[in-house]
Structures are given as structure tokens and as C-alpha cells.
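Below: one structure, written as C-alpha cells.
The values are calculated or read from the model by the stated rules, or taken from the named source; none is laboratory data. Computed from a prediction, not measured in an experiment: that's the story for all the values here. Here the Cβ positions follow ideal geometry from the backbone for every residue, glycine too, while neighbour counts run over all protein chains shown.
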Amino acid sequence: MKKLLPIILAATFALPAHAAALAQLKAFVAGSKTLSASFSQVVSAKGKREEASGQLEISRPGKFRWEYAKPYEQLIVGDSKRLWIYDKELAQVTSKSLDAALGSSPAALLAGSNAIERDYRLKEAGTQDGIEWLSAAPKKSENTFQSIRMGFRANTLVTMELHDSFGNTTLIRFADMKKNPVLAPSRFTFTPPKGVDVISD
């Protein structure tokens, strides 16, 4: 399961601490121009478990950087037009239209302006252990993810749980979240290194 789809979502919200999850999501979409956070990720499938961690950055609209540090180095960049996935160990770059990646990458979806509300059916999913949960179901059957749950605490998205059409469950936890940091434009551009294989649609 080395090729993991990135899921990029993190924000701080200017709402009361106990605001419903849907209201907090709307505030995130409306009020987060840029953000950065660290993340830990666990993918479970057919009794197997794979852990990873790294850093994410978002610059609205449509730009993001998702960088795995452990257990292997992988970089995913959305430059508002193309999605780039660079696997350093394989010396391989995959590139595709960002529009084509929306159904398979919440990274692309949530870096937009209103794509999640446009493409997903959203509803409140209750409170558990002090976390307000929101569930999201895709409107189109070709979406990679069958369901997504987002958990908020103290006006911050702290965790996501994703179930895909291959039977995998991905759990992501966010930490050290910063809202509207200054991020250099160069963080959201990518040029394939010399000598790597480039696979493009």
C-alpha cells in the first residue's frame, strides 16, 4: 500500500467551541486562506496496518503540499492546475489534471472554495469523546471514497476517517495547526528532478 492517497484538511475556526461540525466546516471554507499542520496517518486494510507521518500546507484556492517524511519520502503537490506525486525511492513522478483528481483526493477537494459542499452530501454525525463529527458522502459513484468523517474539537479539525472503495480505512490526526501562515508561492510549484520517470495523463 505504498501509494497512499493524501488527504489534506486542517483548520482553526472563529466559532464558539461547541459549534456544530457543519458550521465549523463552513467557517473553514470561508476563512482559511492558508494553513499548515503536521499529521499522522494510519491505513488499515485486510488485517494489515501501515503508518505514516509528515507535513501539509494549503493555499486557497486549489494549491496544496502534502509531504510524507516517514516511513518513506513522498511529495504530493497541487499547483491549482496539476497534481504531482513524487516518489523519491522509486525515482518516479505521476502527474494528472487537478480536476481529474478531485474525486480521489480530498487534498484537492478541500483546497478549493466550495467543492466539498458541491460534491458531497454533508450531515451532522453527533458528538463522541468531546469531538463533533461530520459525515460526508460523495454525490458521484466514481468517487474513490465511499464515506468520510471529520472530527472537530475547540473549533479545530483534529481527525479524519476515510473509507474507500477498496476496503481500506484511513485515519488521519492533525497537530500543530496554524491558520493563515505566510507560505512562499514556491511551496506550491513542482518541477520533476532530472533523471526521474514522469507518468502523465
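Quickly run through the stretch 133-146 and pick out the residues that are surrounded by 17 or more Cβ atoms within 10 Å (Cβ to Cβ), in contact with a Leu (Cβ under 9 Å, 6 or more places away or on another chain) and in a strand (DSSP E or B).
Leu134, Ser135, Ala136, Phe145
Hey, does the stretch 89-108 have a residue that's at pLDDT below 90, out of contact with any strand residue (DSSP E or B) (no Cβ under 9 Å at 6 or more places or on another chain) and not in a strand (DSSP E or B)?
Yes, the conditions are met somewhere in the stretch 89-108.
Check off (1) surrounded by 17 or more Cβ atoms within 10 Å (Cβ to Cβ); (2) more than 15 Å from the chain's Cα centre (by Cα); (3) at pLDDT 90 or above for Asn155 and give me the number that stays unchecked.
(3)
Scan the stretch 1-29 for residues that are at pLDDT below 75 and part of a helix (DSSP H, G or I) and jot them down.
Phe28, Val29
Here is a list: Glu124, Glu50, Glu67. Which entry is touching a residue at least 60 places away in the same chain (Cβ under 8 Å), part of a strand (DSSP E or B) and among the acidic types (Asp, Glu)?
Step by step, each of Glu124, Glu50, Glu67 is checked, and only Glu124 is touching a residue at least 60 places away in the same chain (Cβ under 8 Å), part of a strand (DSSP E or B) and among the acidic types (Asp, Glu).
All but one of (1) over 19 Å from Ser186 (Cβ atoms); (2) buried (at least 22 other Cβ atoms within 10 Å of the Cβ); (3) within 14 Å of the chain's Cα centre (by Cα); (4) of a type in the set (Asp, Glu) hold for Glu161; which doesn't?
In the conditions (1) over 19 Å from Ser186 (Cβ atoms); (2) buried (at least 22 other Cβ atoms within 10 Å of the Cβ); (3) within 14 Å of the chain's Cα centre (by Cα); (4) of a type in the set (Asp, Glu), Glu161 misses (2) alone.
Over 22 Å from Leu22 (Cα atoms) and over 15 Å from the mean Cα position of the chain (by Cα): does that describe Glu132?
No; evaluated as a whole, the condition is false for this residue.
Keeping to the stretch 147-163, report how many residues are among the small types (Gly, Ala, Ser) and assigned to a loop (DSSP other than H, G, I, E, B). Break it down into steps so the answer makes sense when it comes.
Of the stretch 147-163, the ones among the small types (Gly, Ala, Ser) are 147, 151, 154.
From what is left, the residues that are assigned to a loop (DSSP other than H, G, I, E, B) are 154.
Summing the residues that are among the small types (Gly, Ala, Ser) and assigned to a loop (DSSP other than H, G, I, E, B) in the stretch 147-163 gives 1.
State all residues of the stretch 70-88 that are part of a strand (DSSP E or B) and at pLDDT 90 or above; if no residue qualifies, say none.
Gln74, Leu75, Ile76, Val77, Gly78, Asp79, Arg82, Leu83, Trp84, Ile85, Tyr86, Asp87, listed by residue number.
Go through the stretch 164-201 residue by residue and tally those that are assigned to a helix (DSSP H, G or I) and surrounded by 13 or more Cβ atoms within 10 Å (Cβ to Cβ).
2
Which condition from (1) in contact with a Phe, Trp or Tyr (Cβ under 8 Å, 6 or more places away or on another chain); (2) surrounded by fewer than 15 Cβ atoms within 10 Å (Cβ to Cβ); (3) modelled with pLDDT under 90; (4) not β-branched (Val, Ile, Thr) is the one that Glu124 breaks?
Of everything listed in (1) in contact with a Phe, Trp or Tyr (Cβ under 8 Å, 6 or more places away or on another chain); (2) surrounded by fewer than 15 Cβ atoms within 10 Å (Cβ to Cβ); (3) modelled with pLDDT under 90; (4) not β-branched (Val, Ile, Thr), Glu124 misses just condition (3).
Can you tell me which of (1) closer than 23 Å to Lys179 by Cα; (2) surrounded by fewer than 21 Cβ atoms within 10 Å (Cβ to Cβ); (3) out of contact with any Leu (no Cβ under 8 Å at 6 or more places or on another chain); (4) in contact (Cβ under 8 Å) with a residue 40 or more places away in the chain is the one Asp87 doesn't meet?
(1)
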